[in-house]
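**Student:** Input: one structure, supplied below.
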């Protein structure tokens, strides 16, 4: 796999994580972690040995939580959330990474239709206004047609 002209296998993990945000189909949070702590983990690739948490990190986390509507959940344990809330928290963590490329595997899983539309609108805004490349696997063809600039369709 080539990322920005480099073989991903030869790149440092943090370098990959600064360029590529990934939301897998399923994610497991560490037991006992709060929403704020999980979203903050998205900033790990930006941490340096002598520069830990910064105002930029705090702003990135706050923005990601605001955009995904999980700010009010910040002190709650991830284990206590509904499936839809948990999904939005994982998306917030990916957004907090602030990568130019975002790969999303079924990002609307567990979400009601209103939250699906909000999230897809957010991804469209990140692409159009911030130039971020968003690649998403969606099973709803109507949503894919509405939001995608390009489609790849697979026949089962």
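Only the coordinates and a few stated rules stand behind these numbers; no lab work does. Computed from a predicted structure; not experimentally measured. Heads up, the Cβs are rebuilt from the backbone with ideal geometry, glycines too, and the neighbour counts pull from every protein chain shown.
**Student:** In a GNM of the chain with a 10 Å cut-off on Cα contacts, which of 42, 21, 83 has the highest mean-square fluctuation?
**Tutor:** Among 42, 21, 83, the largest GNM mean-square fluctuation belongs to 83.
**Student:** Please give the peptides 143-150, 91-98 ranked by average Cβ packing (other Cβ atoms within 10 Å per residue), highest first, as a rough proxy for protection.
**Tutor:** My ranking of the peptides, most packed first, is 91-98, 143-150.
**Student:** Per-residue counts of other Cβ atoms within 10 Å, averaged by peptide: what ranking do you get for 1-13, 55-67, highest first?
**Tutor:** Per-residue Cβ counts within 10 Å, averaged per peptide and sorted highest first, yield 55-67, 1-13.
**Student:** Let me ask another. Any chance you could check the Cα centroid distance between the stretch 16-65 and the stretch 69-100 for me, in angstrom?
**Tutor:** 10
**Student:** With a/c under 1.5 counting as rounded, go ahead and sort the stretch 80-155 into rounded, prolate or oblate using the C-alpha gyration tensor (a ≥ b ≥ c being the square roots of the eigenvalues; past the cut-off, prolate if a/b is larger than b/c, else oblate).
**Tutor:** Since a/c reaches 1.5 but b/c is at least a/b, the shape of the stretch 80-155 is classed as oblate.
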